[in-house]
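Please read the structure below before turning to the comments.
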Amino acid sequence: MYKTIDILADEFLSYKHGIGYQYNSSEIFLRGFVKFILQKYPDAVVPDKESIQDYLDTKKQNVGALYGTIAVLREFCRYLINQGYEDIYVIPPKRSPKICPEPPYFFAETEISDFFHECDLITPHASFKGRDLVIPALFRLLYCCGLRCKEVRMLKCKDVHLKNGYIDILQSKGPISRRIFITSELSDYLAEYNCCIEKIFPVRIYFFPRTTSESYGSGFISQNFRRIWIQAYPDFEETFTRPRAYDF
């Protein structure tokens, strides 16, 4: 039976979800490709070299998006081949540009102390309930445990076990999960935070909530890190690198 490329993409994504992958970013990249194909190549049955190359050309100015798109298209095309489809173009190895990550910033102890001092000075804001509680606690967990920004932001209450001294990070990268043990000092701090934030959000999903059922958005940590850093060091001059929340 004839299937359009959007249906094939849906089946591929269902397969990935079914074997345990969250596949959030990859799904965005794939659906962008499918939308492009349906508009520019409406008669295309499967991805071919021309349509794939045409779409990749639109991503040349964004290396991260290009890299992500190439990765998911390789998996999608291999999936189609395994399903019995022919004339499928698989992007060859080394087609992806080499990504040069920004070098990390190494914090001095005084800089870390000054940063958290500014965190603790944040006052309540009527438009952002609990933000003055969330930010100091969130950044302490980020710093003390070396977690990824998204892992902290999306951490759910059910995965935080302060009495037992650990938190569970579930499916952060692919289907892989891990358990992080925390110090008694950090556990006590987070327990005190939890008591305070529960008065604002008695029943919440996320440990660092924006609302009862929502977490903060993807830019929340980086934007607030930058704001707090500038407050701590208004005359700071960047050289070859810059301090980021990711460097915590």
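The values are calculated or read from the model by the stated rules, or taken from the named source; none is laboratory data. All of these numbers come straight from a predicted model, not from anything done at the bench. Cβ coordinates were reconstructed from backbone atoms using ideal geometry, including for glycine residues, and neighbour counts include every protein chain displayed. Just so you know, the surface numbers come from the protein's heavy atoms only, side chains and all, with ligands and any DNA or RNA stripped out. Shrake-Rupley method; radii C 1.70, N 1.55, O 1.52, S 1.80 Å.
Brief remarks follow.
- The residues of the stretch 7-22 that are modelled with pLDDT of 90 or more and not charged (D, E, K, R), listed by number, are Ile7, Leu8, Ala9, Phe12, Leu13, Ser14, Tyr15.
- Number of the exception - Gly20 against (1) surrounded by 13 or more Cβ atoms within 10 Å (Cβ to Cβ); (2) under 24 Å from Met154 (Cα atoms): (1)
- Taking the stretch 230-248 as the range and being in contact (Cβ under 8 Å) with a residue 24 or more places away in the chain and under 17 Å from Ile112 (Cβ atoms) as the test, the residues that pass are Gln231, Ala232, Tyr233, Thr241, Arg242, Pro243, Arg244, Ala245, Tyr246, Asp247, Phe248.
- Residue match in the stretch 76-85 (condition: touching a Gly at 6+ places or on another chain (Cβ under 8 Å) and exposed (fewer than 12 other Cβ atoms within 10 Å of the Cβ)): no
- Test: residue in the stretch 168-179 that is without any contact (Cβ under 8 Å) to a residue 40 or more places away in the chain and closer than 16 Å to Ala137 by Cα: no
- Scanning the stretch 107-160 for residues that are open to solvent by 40 Å² or more (accessible area, probe 1.4 Å), aromatic (Phe, Trp, Tyr) and under 23 Å from Thr241 (Cα atoms) gives Phe107, Tyr143.
- Hits in the stretch 223-242 (condition: open to solvent by less than 70 Å² (accessible area, probe 1.4 Å) and modelled with pLDDT of 90 or more): Asn224, Phe225, Ile228, Trp229, Ala232, Tyr233
- Checked against the criterion of being touching a residue at least 24 places away in the same chain (Cβ under 8 Å), open to solvent by 20 Å² or more (accessible area, probe 1.4 Å) and among the small types (Gly, Ala, Ser), the stretch 196-214 contains not a single residue that satisfies it.
- For the stretch 1-17, the set of residues classified as charged (D, E, K, R) and crowded, with 17+ Cβ neighbours inside 10 Å consists of Lys16 only.
- First in the stretch 51-73 and over 9 Å from Phe29 (Cβ atoms) and of a type in the set (Phe, Trp, Tyr), second anywhere and open to solvent by less than 10 Å² (accessible area, probe 1.4 Å) and at pLDDT 90 or above, Cβ under 6 Å, 6 or more apart: Tyr55/Phe33
- Restricting attention to the stretch 23-69, the residues that are surrounded by fewer than 18 Cβ atoms within 10 Å (Cβ to Cβ), among the β-branched types (Val, Ile, Thr) and modelled with pLDDT of 85 or more total 2.
- Close pairs from the stretch 22-45: first within 14 Å of Phe76 (Cβ to Cβ), partner part of a helix (DSSP H, G or I) and open to solvent by 50 Å² or more (accessible area, probe 1.4 Å), Cβ under 7 Å, at least 6 apart: Tyr23/His17; Val34/Asp6
- Selection count where residues are more than 13 Å from Ala137 (Cβ to Cβ), touching a residue at least 12 places away in the same chain (Cβ under 8 Å) and within 17 Å of the chain's Cα centre (by Cα), scope the stretch 215-229: 5
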